[in-house]
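**Q** My questions all concern the structure below.
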Amino acid sequence: MPVFDFKNSPEDAKQPECTYEIFYTSNSETSAKQPMLVLDNREGKLKHHSSGVFTNPIRRTAFEFKEESGTVSADILRIDARFVSLLKWMGENHINVRLSGAALEDGYAVYKIREIAFGGGVKLSAEDGFLQFMIERLLASDAPSQELPDEEEDETGDSMKLTSIQSISDFVACAGRTLPDNIRLWARRNLAVARSHEVSAEERRHAQRALSIMMNIQWKGNYFHAIDPVEARRILDEELYGMEQVKQRIIETIIQINRTHTLPAYGLLLIGPAGTGKSQIAYAVARILKLPWTTLDMSSINDPEQLTGSSRIYANAKPGIITDAFSMAGESNLVFIINELDKAASGNGKGNPADVLLTLLDNLGFTDNYMECMIPTGGVYPIATANDREQISAPLMSRFAVIELPDYTAEEKKVIFSRYALPKVLKRIGMRPEECVLTPDGLEAVIELHSNTSGIRDLEQTAEHLAANALYQIEVEHVGAVTFDGEKVRKLLS
């Protein structure tokens with residue numbers, strides 16, 4: 001952790017080279033005990049709220065504010081590594097800010113910075129709220145590598161979206177090394193293209209579009225917090241009745257995070273009949289991991305270019321579905337739910353979509369033809385669903401921990417229908433349980449009529465049918481309540 005001292009020569013005393021200590025943290029919230037930066041407050045002039053400007057941290061790492069006696073300068077003593085580039089940007093552009101902080105023994109701990117409009121400050125971004133947006137993005141970022149270069153590089157908003165070249169340029173400058181190195185360098189190259197008058201308007205448009213997509217994704221590190229197995233089991237129980245061995249296998253697979261703090265080497269492949277709850281399991285795992293999720297339906301993809309995007313040399317070029325998924329999720333760490341993986345091998349002669357998936361599943365990075373940049377995928381956890389195991393290629397299968405879901409037994413279907421499916425529908429449409437009663441022989445009739453169907457999807461539709469019929473009788477025929485016995489069930493559903 002480098003600490004740089006003040007210069008001691010008489011000449012340096014006139015133009016002090018104020019310096020600071022950098023500390024590294026990934027805290028997502030700030031407080032007096034977890035500040036963004038600490039200022040020298042030996043004279044006690046910094047109060048809870050202090051307004052002024054940061055001088056350029058590259059040359060004079062200080063905060064200047066006005067007092068009755070004139071302008072006072074407070075040196076920066078320590079700063080969160082994520083905010084070094086932002087402080088440089090604010091200093092270079094004379095952004096007027098108000099600090100919120102607390103006077104502690106070791107200095108004035110700043111935990112909030114807000115922009116204020118006075119004094120002729122020039123803000124580079126046209127969008128209001130850029131500074132607040134930038135701070136929130138940096139707080140959501142992981143600490144940059146402590147192996148910083150010897151020399152500072154010249155690095156020239158969702159409540160806010162970064163769309164204009166100016167706001168994107170500001171963002172790249174402020175984000176600094178909280179962005180992955182390859183994406184930061186890629187952004188600088190594309191900014192040069194977007195501003196160049198030596199390329200066509202079409203090339204500038206593509207560069208700006210790609211930049212907007214890439215910079216609106218929150219790029220996170222690959223560190224994952226431990227999961228609570230009790231909470232994980234509770235979430236799975238909410239989404240899936242029975243299937244104890246399936247739940248155990250899922251927890252065994254993802255519990256590896258508690259030791260490695262990285263995602264498991266293998267994703268989950270859920271194979272079973274339609275309606276057995278494969279999608280619900282995928283959503284539950286996303287909740288357990290506390291990650292956003294996105295879906296990819298392989299049954300609708302027959303051209304690899306749909307996944308990889310098209311080259312910018314074409315007028316109608318666009319990014320692929322995988323890049324769109326990152327953009328929709330808004331961050332790089334997410335659960336990727338691949339539906340109907342057994343349909344991935346079907347192509348239209350231009351290639352096999354399954355081959356494209358392999359690069360995503362290996363977590364080595366994915367390159368989109370339109371973006372022309374390797375997208376880090378170390379924070380992507382894939383969960384695939386399929387009905388037919390035989391249709392999945394061996395290379396694809398080897399990338400997953402395979403879990404087979406059996407169909408529900410008749411007794412399990414009775415419990416699911418009576419305790420979960422029907423009560424859920426009644427609650428959703430505002431009916432009391434006593435307004436729609438299903439007798440034991442009525443329940444037997446429901447299960448009997450669905451004896452040849454797999455899963456519980458048809459049972460859920462039957463619950464909707466029964467509740468809707470009961471509500472109709474109550475509202476239109478003005479009956480007090482409806483009881484469905486075996487005879488009434490068969491008459492309604494046959």
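**Q** How large is ³J(HN,Hα), in whole Hz, for each residue of the range 379-390 in order, when computed from phi with the Karplus curve 6.51 cos²θ - 1.76 cosθ + 1.60 and θ = phi - 60°, using x for Gly and Pro?
**A** x, 9, 10, x, 10, 10, 10, 7, 9, 10, 4, 5
**Q** Compute the Rg to Rh ratio over the chain from the alpha carbon atoms, using the Kirkwood formula for Rh, and round to two decimal places.
**A** Value, to two decimals: 1.09.
**Q** Let me ask another. Can you list the equivalent-ellipsoid semi-axes of the range 410-493, largest first and in whole Å, using the square root of 5 times each Cα gyration tensor eigenvalue?
**A** Listed largest to smallest, the semi-axes of the range 410-493 are 21, 13, 10 Å.
**Q** Across the range 176-190, in residue order, what do the Karplus-derived ³J(HN,Hα) couplings come to in whole Hz, using 6.51 cos²θ - 1.76 cosθ + 1.60 with θ = phi - 60° and x for Gly and Pro?
**A** x, 8, 6, 7, x, 4, 5, 6, 5, 5, 4, 5, 5, 5, 6
**Q** Under a no-solvent Debye model with one identical scatterer per Cα of the range 368-464, what's log10 I(q)/I(0) at q = 0.11 Å⁻¹?
**A** Those come out to -0.57, one per q.
**Q** Mind jotting down the distance between the C-alpha centroids of the range 194-233 and the range 401-454, whole Å?
**A** Centre-to-centre distance over Cα atoms comes out at 43 Å.
**Q** Which loop-located GluC sites (Glu not before Pro) does the range 173-240 contain, where loop means any DSSP state but H, G, I, E or B and the Cβ has at most 10 other Cβ atoms within 10 Å? Don't jump to the answer; show the numbers that get you there.
**A** Details: sites: Glu198, Glu202, Glu203, Glu231, Glu238, Glu239; in loops: Glu198.
Here the sparse-neighbourhood loop sites are Glu198.
**Q** For the range 181-279, what mean projected area does the convex hull of the alpha carbons give, in nm²?
**A** For the range 181-279, averaging the hull's shadow over all directions gives 10.0 nm².
**Q** A further question follows. With point charges of +1 on the Cβ of Lys and Arg and -1 on the Cβ of Asp and Glu, referenced to the Cα centre of the chain, which listed residue (Val285, Met243, Ala470) lies farthest in the positive direction of the dipole?
**A** Checking the options against the dipole of the chain, the answer is Ala470.
**Q** When the gyration tensor of the range 251-394 is built from Cα positions, what are the square roots of 5 times its three eigenvalues, in whole Å, from largest to smallest?
**A** 25, 19, 13
**Q** Provide the descending list of Cα extents for the range 202-243 along its principal axes, expressed in whole angstroms.
**A** Largest first, the range 202-243 extends 56, 24, 12 Å along its Cα principal axes.
**Q** Let me ask another. Shape of the range 369-415 from its Cα gyration tensor (a ≥ b ≥ c, root eigenvalues): rounded if a/c is under 1.5, otherwise prolate when a/b > b/c, or oblate?
**A** The shape class here is prolate.
**Q** Scan around Ala62 for amide H atoms under 5 Å from its own, H built in the peptide plane at 1.01 Å from N, and keep only partners 5 or more places away or cross-chain.
**A** For Ala62, whose amide H was placed from the backbone, the distant partners under 5 Å are Thr55, Ile76.
**Q** Give a residue-ordered list of calculated ³J(HN,Hα) values for the range 134-144 (Karplus: 6.51 cos²θ - 1.76 cosθ + 1.60, θ = phi - 60°; whole Hz; x for Gly, Pro).
**A** 5, 5, 5, 5, 5, 5, 7, 8, 7, 4, x
Only the coordinates and a few stated rules stand behind these numbers; no lab work does. Predicted model only: the values in this text are computed from it and were never measured. No Cβ is skipped: glycine too gets one built from the backbone with ideal geometry, and neighbour counts run over all protein chains shown.
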